[in-house]
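Engineer: After the structure tokens below, expect a handful of questions from me.
The values are calculated or read from the model by the stated rules, or taken from the named source; none is laboratory data. Note that the structure is a prediction, hence the values are computed from the model and not measured. Reconstructed Cβ throughout: ideal geometry from the backbone, glycine too, with neighbour counts over all protein chains shown. Each accessible area value is taken on the protein alone, full model and side chains, heavy atoms only, with ligands, DNA and RNA left out. Shrake-Rupley method; radii C 1.70, N 1.55, O 1.52, S 1.80 Å.
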Amino acid sequence: MTIEQLNGAIYDVIRSSTETELELRDDLHLITQMGLSSVEIMLLISDLEDQFAIELPISELRDVATVGQLCQVVARVIQRS
């Protein structure tokens, strides 16, 4: 799977999990632009973990603010597994 395909699959999970109708972009901020609450972000993380059969370490998620940063963390964890 290429990084573009992986990002597309991550975007699909984000769309499904958050039920957003926004056009997703790497620079889209999860809280200020998408309006996600902390609970919604935790549900999104859980959905990503389930979809890709991974565990996303909280230590790597602390500084994630945008869709692109989230994609980078997910890709990094998938590559390690």
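Engineer: What are the ³J(HN,Hα) couplings of the range 13-19, residue after residue, when phi is run through the Karplus curve with 6.51, -1.76, 1.60 and θ = phi - 60°? Round to Hz, x for glycine and proline.
Structural biologist: 5, 4, 4, 5, 5, 9, 6
Engineer: Okay, moving on. About its Cα centre, what dipole magnitude does the chain give when the only charges are +1 on Lys and Arg Cβ and -1 on Asp and Glu Cβ, stated in debye to the nearest 20?
Structural biologist: Values: 5 positive and 14 negative charges, 50 e Å.
Roughly 240 debye, rounded to the nearest 20.
Engineer: Also, I was wondering about something else. Taking amide H positions as placed 1.01 Å from N in the peptide plane, with prolines and chain starts having none, which residues 5 or more places from Thr66, or on another chain, fall under 5 Å of its amide H?
Structural biologist: For Thr66, the qualifying residues are Leu30.
Engineer: While we're here: For Asp26, enumerate residues with amide H under 5 Å from its amide H, sequence gap 5+ or separate chain, H modeled in the peptide plane.
Structural biologist: none
Engineer: Can you list the HN-Hα couplings for the range 52-60, worked out from phi with the Karplus curve (6.51, -1.76, 1.60; θ = phi - 60°), rounded to whole Hz and with x for Gly and Pro?
Structural biologist: After applying 6.51 cos²θ - 1.76 cosθ + 1.60, I find 9, 6, 10, 10, 8, x, 4, 4, 8 Hz.
Engineer: Moving to a separate point now. Asp12 to Arg25: extension gain in nm, 0.36 nm per residue of separation minus the Cα-Cα distance? The partial results should precede the final answer.
Structural biologist: Working: separation 13, 0.36 × 13 = 4.68 nm, distance 1.22 nm.
Separation in residues times 0.36 nm, less the Cα-Cα distance, equals 3.5 nm.
Engineer: Additional query: Roll a 1.4 Å probe over the protein heavy atoms and report the accessible area of Arg15 in Å², nearest 10.
Structural biologist: Answer for Arg15: close to 100 Å² accessible.
Engineer: Could you work out [θ]222 nm for the chain from helices alone, using -39500 (n - 2.57) per DSSP H run of at least four and dividing by all its residues? Round to the nearest 500 deg cm²/dmol.
Structural biologist: Details: 4 runs with 49 residues, N = 81.
The per-residue figure over the chain is -19000 deg cm²/dmol.
Engineer: I'd like the Karplus ³J(HN,Hα) series for the range 29-43: coefficients 6.51, -1.76, 1.60, θ = phi - 60°, whole numbers in Hz, and an x wherever there's a Gly or Pro.
Structural biologist: 7, 5, 8, 6, 9, 8, x, 6, 8, 4, 5, 5, 5, 5, 5
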